[in-house]
Amino acid sequence: MTLPSHLISPCPSRPTRLPVQSDRVPPKTFAVYYGHQNLKKLSAYKTVVIQAQHYTPDDVLWLRRQGVTVLAYLSVGEDPNPVRSPWSRKLRNPDWGTWYVKIGHAGWTALLHSQAEQYLQDYDGLLLDTLDSSVLFPSDRSPLLRTIRGLRARHPDAYLLANRGLDLLPEMGQYVNGVLLESFTTSWEDGYRK
């Protein structure tokens, strides 16, 4: 995917993450895993999505040396903080207990960019989750697109994978490398597959 030159403005404060060379090609294609420490199993996949708080930079480097492309989970439309923040809406996601956020709030945008900056020091890219909030809050559509565009502009070489957010297409397509429909044929209730 080629971006227009006016959208490419890498963040100068970001340290350059060294590319990792590996001749190994994992046999399986793709996994999303939100659990803890399963490095050996995860090394069987070409691309994995994991939650950064469950893995050290050394864990991520080990996976990358195994030929795995590693994406960090980043929630764009919901805040997992149990305490309500200035950007939180009055509503919570009843399934996960997360706060729906006001996407365009300056504090939330700054936090997202800070998290992305931190993750992309070690990871190859990001899974952008909870992008379907504009279905619940139509006024979030433009701020969501602006946020995704901003992430791409700051991180032109990162692999950005959108989870859902289909109502943001076709505009979102120019800023992401792919779209995922997580849990398309399954659902979760109280942490268990249904």
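The values are calculated or read from the model by the stated rules, or taken from the named source; none is laboratory data. What you see is a predicted model, and the numbers here were worked out from it, not measured in a lab. In this analysis, Cβ positions are derived from the backbone assuming ideal geometry, glycine residues included, and neighbour counts consider all displayed protein chains. Protein only, heavy atoms only, side chains kept; ligands, DNA and RNA dropped before computing areas. Shrake-Rupley method; radii C 1.70, N 1.55, O 1.52, S 1.80 Å.
Residue 89 falls short on exactly one of the conditions (1) modelled with pLDDT of 95 or more; (2) within 19 Å of the chain's Cα centre (by Cα); (3) among the basic types (Lys, Arg), and that condition is (2). Look at segment 129-156: where a residue is over 19 Å from residue 110 (Cα atoms) and a partner is at pLDDT 95 or above and open to solvent by 40 Å² or more (accessible area, probe 1.4 Å), sitting 6+ places away or on another chain with Cβ atoms under 6 Å, you get 134/141. Within segment 85-102, no residue satisfies the criterion of being touching a Leu at 6+ places or on another chain (Cβ under 6 Å) and assigned to a loop (DSSP other than H, G, I, E, B). Counting only residues that are modelled with pLDDT under 80 and closer than 30 Å to residue 145 by Cα, segment 1-42 holds 19 of them. Between 95, 124, 129, 58, the distinction of being out of contact with any strand residue (DSSP E or B) (no Cβ under 8 Å at 6 or more places or on another chain) and either at pLDDT 95 or above or open to solvent by 30 Å² or more (accessible area, probe 1.4 Å) (or both) belongs to 58 only.
Selection of segment 61-84 for residues being surrounded by fewer than 20 Cβ atoms within 10 Å (Cβ to Cβ), part of a strand (DSSP E or B) and in contact (Cβ under 8 Å) with a residue 60 or more places away in the chain yields only 69. Looking at this structure, is residue 152 within 13 Å of the chain's Cα centre (by Cα), modelled with pLDDT of 95 or more and not hydrophobic (A, V, I, L, M, F, W, C)? So residue 152 fits the description; yes. Restricting the first member to segment 95-117 and to residues that are within 19 Å of residue 134 (Cβ to Cβ), and the second to residues that are open to solvent by less than 60 Å² (accessible area, probe 1.4 Å) and of a type in the set (Lys, Arg), the beta-carbon pairs closer than 6 Å and six or more apart or on different chains are 100/89.
Scanning segment 106-125 for residues that are out of contact with any helix residue (DSSP H, G or I) (no Cβ under 7 Å at 6 or more places or on another chain) and not in a loop (DSSP other than H, G, I, E, B) turns up 106, 107, 108, 110, 111, 114, 115, 117, 118, 125. For segment 20-40, enumerate the residues that are touching a residue at least 12 places away in the same chain (Cβ under 8 Å), under 13 Å from residue 66 (Cα atoms) and part of a loop (DSSP other than H, G, I, E, B). If the condition is that a residue be touching a residue at least 12 places away in the same chain (Cβ under 8 Å), under 13 Å from residue 66 (Cα atoms) and part of a loop (DSSP other than H, G, I, E, B), then 20, 22, 23, 24, 25, 26, 27 are the ones that fit.
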